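Step one of this worksheet: look at the structure below.
The values are calculated or read from the model by the stated rules, or taken from the named source; none is laboratory data. Here the structure is a predicted model, which means the values were calculated and not measured. Because the Cβ atoms are built from the backbone with ideal geometry, glycine has one as well, and the counts that use them run over all protein chains shown. These area figures cover heavy atoms from the full protein model, side chains too; ligands, DNA and RNA do not enter into them. Shrake-Rupley method; radii C 1.70, N 1.55, O 1.52, S 1.80 Å.
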Amino acid sequence: MASVSVPGETVRGGLLRRPRSTAGFWSWVTTVDHKRIGILYGATAFFFFLVGGVEALFIRLQLAQPDGKILSPSTYNEFFTMHGLTMIFLVVMPLSAAFFNYLIPLMIGARDVAFPRLNAFSCWLFLFAGLFIYSSFALGGAPNGGWFGYAPLSTVEPGNNMLFYSTGLLMAGIASTVSAVNLAVTIINMRAPGMTMFRMPVFIWMALVVQFLLAFSLPIITVGLFESLFDRRFGTHFFDPAAGGDPVLWQHLFWLFGHPEVYILILPAMGIVSEILPVFARKPLFGYQFVVFSGIAIGFIGFGVWAHHMFATGLGPVANTAFGISTMIIAIPTGVKIFNWLGTIWRGDLRFTTPMLFALGFIAQFVVGGLSGVTHAVVPADYQQTDTYYIVAHFHYVLFAGAIFGLFGGMYYWWPKIFGRMLNERVGKVQFWIMAVGANLTFGPMHILGLEGMPRRIQTYTPALGLGVWNLVVTIGAFTIAVSVLIFIGNAVASFRRPKDAPADPWDARTLEWTVPSPPPPHNFDEIPVVHALDDFWHRKYAETEEGTLVPVPAGGSGDPRSDDAHGSGHGIHLPSPSYYPVIAALGFPLIGYGVIFHWWMAVAGAVVVLAGLYGWAFEPAAE
Ligand code: HEM
Ligand SMILES: [Cu+2]
């Protein structure tokens, strides 16, 4: 096959020529740059955060008073299901992926991830999966069987609602699995010289644990989703007791994934907090290796606790006791982290910047969520708590007051690096306090409502139950959170109006990403750095006397990223080229999804698009 390259023309095999534009719409559609892909993940996830937030506000308006009439029972089922699905699969997971994509190469001293086009593919497939699931609102009805989609409700309830659930999550699962392999290979194989495993920042360690959790847990739910899809589409009986199937099998498959999933949601925020605290305490992380190993321990034990979600399904005293104990055990490595964070700030030279406030807020509120989690491990107590608002309170303390607070801390910490502009610190602090008040006003009283017997997922309740007052407080809290999110949007928009004046190292930080300009050039590093220690950048900036006093090391000398001539144009550095094919291949999947639900010919058409994308991807010229 001839291989000529004629500018602007298709080249061999009728393939599309690689796009050249580095600015504008098409440059974003065809980008394979990890930084841009990180920003795409972040922007999409933030959009879905707003959508999931609005759904929560409608839920809270409906429950603000007894006998609410804002949402009909069937719409209510769709709203809480979509709220849960959105916040978990379309917000916290991709927001973490945004940080992973943007920061991993920069923090390990690499120019990009191992498989840049695969990276673009997983990003587009995640977006298309999200849009596919949301298109269900216009195509007969959104998933309405709860975010954990228990059978047989999810397999026998009429309508396509839960078919969008299973096909949509299958797509999102492929995107996450592909990304997990890509990022794990990047961390293991692409570290700069001298960046040994125990010189990696904790954020990178937590990212690595998360990729393994994804790689080992997603296949389990994938099997369950296919079985659920087959029961609906092909009349199989995996979860049909009348034909020898077992609905509890779904629960096992779901929670074998679902519990590791909660660590997939929280470990990134724990990694972010472990980066922020040392910088604003001006002390190294206390017990670095303990923090790393406790993260790994959480990853392992996290696969051995799943049935604590099923104490009330009748597994029997032996199983319940075993899972009660394993759940209590997982509190130990979690506690180790908390004490190491406290050890880091203890007697530190603290600066209460906005990122630091969010990190401290994370610790305080995550402890509240963690403690209620321990109460669930006590089996008889859980009989009272399960399926009530006490549980809703628990997972919002760990997921909203925990994970989301950690992620906001990360946004305020790395915003100058990513966009070259600072966010307003004063506005940031106002946002933090309003969000903290809102979160505790929303999720605090839910503990009381739950212990007073309010079940979750009820569309309304009678005045006789006396639940009106606390429900009104919760709703006011939810709108307080909404105000704080609007303040953040205002702060972000205002920052984009400012010139790109952020310095390379605005916080006097410790890790490699702060050695390059803000924002970093496409090639990241002119020269791949050589690393000599944990917190290598810090040790280039400061020496320590015997008494432990920090002595600044003057900038300059070879390899010092602070010297003026440290950053060139990157001319001659090979970078992966943009490509059309990842987005084309990803586009075929929603088509296949619609085909499975509506008309098989669409599935065939979708498969053709995927194959065409993969063909182009395989045979397009490496680079011009
Ligand atoms: C922005 C503030 C938020 C508010 C006001 C809020 C409110 C609520 C409420 C009231 C429910 C209970 C619905 C019911 O049982 O009838 C709920 C359910 C849920 N929320 Fe949130 N939430 C928020 C953020 C989040 C976040 C950040 C996450 C996860 C990362 C999340 C995950 C969930 C899940 C998984 C459910 C269960 C849905 C189900 O039962 O299927 N929420 N939320
Ligand atoms: Cu669990």
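Structural remarks
- Think of the chain as a dipole: +1 on every Lys or Arg Cβ, -1 on every Asp or Glu Cβ, centred on the Cα centre; then among Ala605, Ser577, Ile220, Ser577 lies furthest on the positive end.
- Ranking Met422, Met356, Met411 from most to least accessible surface, computed with a 1.4 Å probe over the protein chains only, gives Met422, Met411, Met356.
- Under 12 Å, Cβ to Cβ, from Met190 - net charge with Lys/Arg +1 and Asp/Glu -1: +1
- Accessible surface for Arg191 stands near 60 Å², nearest 10, in the context of the full protein assembly shown (1.4 Å probe).
- List Arg232, Arg510, ordered by accessible area with a 1.4 Å probe, largest first: Arg232, Arg510
- A simple charge model with +1 on the Cβ of Lys and Arg, -1 on the Cβ of Asp and Glu and nothing else charged puts the dipole of the chain at about 760 debye relative to its Cα centre.
- Working note: Karplus 6.51/-1.76/1.60 with θ = phi - 60° gives the range 508-525 the couplings 6, 8, 10, 10, 4, 4, 8, 8, 9, x, 10, x, x, x, x, 8, 6, 10 Hz, where Gly and Pro are set to x.
- The Arg457 and Ala319 beta-carbon pair, evaluated with R₀ = 22 Å, returns a calculated FRET efficiency of approximately 0.30.
- Of the solvent-accessible surface of the range 153-201, computed with a 1.4 Å probe and all protein chains present, 66% belongs to carbon and sulfur.
- Taking amide H atoms as placed 1.01 Å from N in the peptide plane, the amide H of Thr388 lies under 5 Å from those of Arg456, each 5 or more residues away in sequence or on another chain.
- Couplings 3J(HN,Hα) of the range 196-211, computed from phi: 6, 4, 8, 10, 7, x, 4, 4, 5, 4, 5, 4, 5, 4, 4, 5 Hz, in residue order, whole Hz [Karplus 6.51 cos²θ - 1.76 cosθ + 1.60, θ = phi - 60°; x for Gly and Pro].
- Length-normalised contact order of the chain in % [C-alpha pairs under 8 Å, at least 6 apart]: 18
- Cut-off 15 Å between beta-carbons: net charge of the residues surrounding Pro278, Lys and Arg +1, Asp and Glu -1: 0
- In Å², nearest 10: area of Tyr594 left accessible to a 1.4 Å probe: 50
- For the set His237, His34, solvent exposure ranked by accessible area (probe 1.4 Å, protein chains only) runs largest to smallest as His237, His34.
- Those lysines that a straight Cα-Cα span of less than 23 Å connects to Lys35, excepting residues fewer than 8 apart in one chain: Lys417, Lys500
- The 3J(HN,Hα) values that the Karplus relation (6.51, -1.76, 1.60; θ = phi - 60°) gives for the range 413-421 are, in residue order, 6, 9, 3, x, 5, 6, 10, x, 10 Hz. Gly and Pro appear as x.
- Once C-alpha pairs closer than 8 Å and six or more residues apart are averaged by separation and normalised to the residue number of the range 143-240, the relative contact order reads 40 percent.
- Charge-dipole axis of the range 234-358 as Lys and Arg at +1 and Asp and Glu at -1 on Cβ define it, positive-most pick from Tyr288, Leu249, Ala319: Tyr288
- Distances between placed amide hydrogens fall under 5 Å for Gly68 paired with Tyr461, all partners being 5 or more residues away or on another chain.
- The chymotrypsin sites (Phe, Trp or Tyr not before Pro) of the range 183-250 that meet both conditions, a loop assignment by DSSP and at most 13 other Cβ atoms within 10 Å of the site Cβ, are Phe234.
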